[in-house]
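Everything below concerns the one structure shown next.
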Amino acid sequence: MPELPEVETVARGLATTIPGRRILSVRLGKTDFIDDPVALEQHLPGRCIESVERFGKFMLLRLSPPISNGEAPSANGTEQTALLVHLGMTGHLAPQTATEPYGKHTHVFFELDDGRELRYTDPRRFGRMAYLAGESLRAELLRFGAEPLEIDVEEFATRIRSRRARIKALLLDQTVLRGVGNIYADESLWRAGIHPARLGSSLALEETTKLRHALQDILRHAIKMRGSSISNFLDAAGEPGDYQHRHRVYGRDGLPCYRCRTPIHRIIVAGRSSHFCPQCQPARPGRKGASGTGNRKQGRTAKRRNR
């Protein structure tokens, strides 16, 4: 599923091609991933796309106020409106010439005023699309946590150290930080030397400082390399990302750690596969080579032998 760097890559690509364009019409195919299909057909025609930005794992296409009969917007038309798009696992949003053939799984067509169509394609339809305005837009955005690339040291430490949840779960919790997913959580924890199953409340301030730095550095580098193309991610121009070649733990279970050559392990934390190095990321601070469950079993065995 596209994470912060992948969504940022797509948003930046779209931001160079569609702002200023007016939506002339909306044509829909399958709509089970759209919150209110009628709202798209009713409210989008005639609107200009003012900007494209990323918000967590979502894209927001900010829209101009409605214009009736060519007149200036009315007072009640000044509220902020946006088209919210989540790419899910296989979603792709890109402008194409209207005469260009479209794929089987293209479900949304926004006709633009320059002869192109902004098309949304999604074979598995795990994405989401919604027209939001005013209070509904504000309420939607308030559901999410802090922006990982902007959060400061103090707030990051507070959000992590005040919770008795696994650090991997906290990084994936979109009400804590918005945009971080499985790939970049694993990569950041490896860089910081923190076991994914440790409790957030067990981390020292020095550790959360190190983790924040690792997370931000990795996200920025991934954005520069246009994200990670694990299976079918493509940017707005239809090109794959390159950051998958820089992964140090994600998807590398059984392969040697780039730091210490210990085989990478994979466990389930918060219902998600988590890749880590048992030597570089001990389950307990100060216990190199610990792997969580293995330590507990060894401890119980030792106690039985000493009875």
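Worth pointing out:
- Here Val153 meets the list (1) closer than 19 Å to Ile49 by Cβ; (2) more than 13 Å from the chain's Cα centre (by Cα) almost entirely, failing just condition (1).
- Scan of the range 137-176 for residues that are exposed (fewer than 15 other Cβ atoms within 10 Å of the Cβ) and assigned to a helix (DSSP H, G or I), ordered by number: Arg138, Ala139, Leu142, Val153, Glu154, Glu155, Thr158
- Whichever residue in the range 239-283 is part of a loop (DSSP other than H, G, I, E, B) and among the small types (Gly, Ala, Ser) and, among such residues, is modelled with the lowest pLDDT: Gly241
- Within the range 1-59, considering residues that are of a type in the set (Val, Ile, Thr) and assigned to a strand (DSSP E or B), the one nearest to Phe126 (Cα to Cα): Ile34
The values are calculated or read from the model by the stated rules, or taken from the named source; none is laboratory data. Because the structure is a prediction, the values reported are computed rather than measured. A quick note on method: Cβ atoms are made from the backbone with ideal geometry, for glycine too, and the neighbour counts reach across all protein chains shown.
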